[in-house]
1. Could you compute the net charge surrounding GLN45? Neighbours are other residues with a C-beta less than 15 Å from the C-beta of GLN45; K and R count +1, D and E count -1.
2. Expressed in nm to one decimal, what extension gain is obtained for the pair PHE73 and ALA11 from 0.36 nm per residue of sequence separation less their Cα-Cα distance?
3. Quick one: accessible area per residue over the chain, 1.4 Å probe, rounded to a whole number of Å²?
4. Report the one residue of ALA85, ASN37, SER66 whose Cα lies farthest in the direction of the positive end of the charge dipole of the chain (charges on C-beta: Lys and Arg +1, Asp and Glu -1; origin at the Cα centre).
5. Looking only at the chain, where both bridge partners belong to it, what percent of the DSSP beta bridges are antiparallel (to the nearest 5)?
6. Below 8 Å, C-alpha to C-alpha, sequence gap of six or more: please give me the relative contact order for the range 1-65 in percent.
7. Quick one: divide the alpha-carbon radius of gyration of the chain by 2.2 N^0.38 Å and tell me what you get.
Amino acid sequence: MADPMRIRAKATGNIANVRVLMSHEMESGQRKDAAGNLVPAHFIQDLSASLNGKVVMSGEWGPSVSKNPFLEFNIKGAKAGDKVAVTWKDNKGDTRTDETTVA
């Protein structure tokens, strides 16, 4: 995987809008390759976001989420200069974390 995530966070008042683009194949395990063999499932399973080290959002995804998923959410109580980190783990145990500073 080249660039696992691109995160942008911008504060307006006391709310930060966070946008995340994740680089992941997100295979459902139901698609077949050119030879007719099933492509093994490989998808993001767990996702969490934190503000200055405190978890503010978590979720569980399944195989129906699209390739290179995009996620957008708001965090109340955030201000410019705060750190936002996003972490995901896929069903094969691969984990990625990236962070940005709220602008």
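The values are calculated or read from the model by the stated rules, or taken from the named source; none is laboratory data. Since this is a predicted model, take the numbers as computed values, not measurements. Neighbour counts are summed over all protein chains in view; Cβ atoms, including those assigned to glycine, are modelled from backbone coordinates with ideal geometry. Side chains are part of the model used for accessible areas, which takes the heavy atoms of the whole protein and leaves out ligands, DNA and RNA. Shrake-Rupley method; radii C 1.70, N 1.55, O 1.52, S 1.80 Å.
1. Every neighbour counted, the sum reads -3.
2. The PHE73-ALA11 span can extend by a further 21.1 nm.
3. 60
4. ALA85
5. Antiparallel: roughly 100 percent of the beta bridges in the chain.
6. Relative contact order of the range 1-65: 22 percent.
7. It is 1.21.
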